[in-house]
Amino acid sequence: MNQPLILDGKALAKKTEADLLSRVEKIKAAGKGTPVLATILVGSDPSSATYVNMKGKACARVGMESRRIEMPETTTTAELLAKIDELNADPAVQGILLQHPVPHQIDERECFDRIALEKDVDGVTCLGFGRMAMNERAFGSATPAGIMSIIEAYGIETRGKHAVVIGRSPILGKPMALMLLNKDCTVTICHSRTANLPELVKQADIVVGAVGKPKFVKAEWIKDGAVLIDAGYHPQYQCGDIDLENASHLSSAYTPVPGGVGPMTIATLMRQTVEAAER
Ligand code: NAP
């Protein structure tokens, strides 16, 4: 069998950022000011802080500003809603990112849905999700939208292909399934109650691992020549949700971990913020 194609998300993210840098320069040259992404971090979860830091650095790389808002662990839903209202009303802010997860006492869904549609650059609102599902203009959830950019950039055929998405979370599995459906895949969505998971994955032309469990998808489940998209990342083991070590050679193409989906998630957030500023 031929060597699988490596879907290099890191290289694509670099290219995307270079393009964004010139678009941001144009926005500034037009006298529209510097685009601003507001990031809200509630509590002190170290991985969430790392993700927010990475997004702040990416803003700087493309010439944008990030406005970092940190709120204490004890923040209430009402306090967070008030902060989101303030950012919605601020004309200097083009995009709002509320870092998931928030502390348990906060109603995360209510807070996500308070973000104004035109500033929902991370694609987390129900309204944005619904519009995306209907193929109307809206920013997609950043991780699946980044995956779609990888699929497009590498010319992976989606029409008529059977995609099996493992995971149905609101930010990843569910929007992923709808984006693939909108690109003419036949989609199967699997979750923790799915029976016969290995048999379903074995039928997939495209497999998306979005489970949150290291090396959960086994090599024996993979059909020869399938495209493997691994959205998981487990830094402690430097692996994702698919056992790529044993499965990648069976595939026709795969996203490596790290360096696949992760970098494109951040690049997509940047792209959508620039788009919000251009509008
Ligand atoms: P999540 O909210 O925990 O969702 C996990 C999904 O996997 C759920 O739908 C769950 O099913 C399903 N699942 C759990 N155990 C299963 C099993 N035994 N068989 C089949 N399905 C099972 O996680 P998430 O936020 O979607 O994230 C998933 C992965 O993507 C994680 O590894 C995360 O680190 C990664 N991620 C990466 C990025 C990035 O930027 N690269 C961004 C977001 C997430 P139920 O619905 O039935 O519980």
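The values are calculated or read from the model by the stated rules, or taken from the named source; none is laboratory data. Quick caveat, the model's predicted, so the values are computed rather than measured. Neighbour counts run over all protein chains shown; Cβ positions are idealised from the backbone, glycine included. Note: accessible area is taken over every heavy atom of the protein model, side chains too, but ligands, DNA and RNA are not part of it. Shrake-Rupley method; radii C 1.70, N 1.55, O 1.52, S 1.80 Å.
Sorted by packing (mean other beta-carbon atoms within 10 Å per residue), highest first, where do 229-242, 263-276, 54-67 land? Walk me through the intermediate numbers first.
Numbers: 229-242: 20.4, 263-276: 24.6, 54-67: 18.1.
Result, highest mean first: 263-276, 229-242, 54-67.
Once the convex hull of all Cα atoms in the stretch 141-261 is built, its volume per residue stands at 91 Å³. Given a 1.4 Å probe and the protein chains as shown, CYS185 ends up with an accessible area of around 10 Å². Computed from the Cα positions only, the extents of the chain along the three principal axes stand at 54, 43, 37 Å, in decreasing order. The Cα atoms of the stretch 1-103 give a gyration tensor whose axes a ≥ b ≥ c have a/c of 1.5 or more with a/b no greater than b/c, which makes the shape oblate.
I want the local charge near GLU73. Using Cβ-Cβ distances under 14 Å, sum +1 for each Lys or Arg and -1 for each Asp or Glu among the other residues.
Charge balance in the 14 Å sphere: -3.
Computed from Cα atoms, the angle from the helix 46-61 axis to the main principal axis of the chain rounds to 70 degrees. For the stretch 23-176, with all protein chains in place and a probe radius of 1.4 Å, 53% of the accessible heavy-atom surface sits on carbon or sulfur.
Peptides 37-43, 80-86, ordered by how many other C-beta atoms sit within 10 Å of their residues on average, highest first, read 37-43, 80-86. Between the alpha-carbon centers of the stretch 211-236 and the stretch 255-279, tell me the distance in whole angstrom. Rounded to whole Å, the Cα centres lie 21 Å apart.
Comparing Cα centroids, the stretch 1-27 and the stretch 82-154 end up 22 angstrom apart.
Rounded to the nearest 5, the antiparallel percentage of DSSP beta bridges internal to the chain is 5%. On a 24 Å Cα-Cα criterion, which of the cross-link pairs LYS14/LYS223; LYS15/LYS213; LYS14/LYS202; LYS32/LYS57; LYS15/LYS57; LYS174/LYS213 come out too long? Exceeds cut-off: LYS14/LYS223; LYS15/LYS213; LYS14/LYS202.
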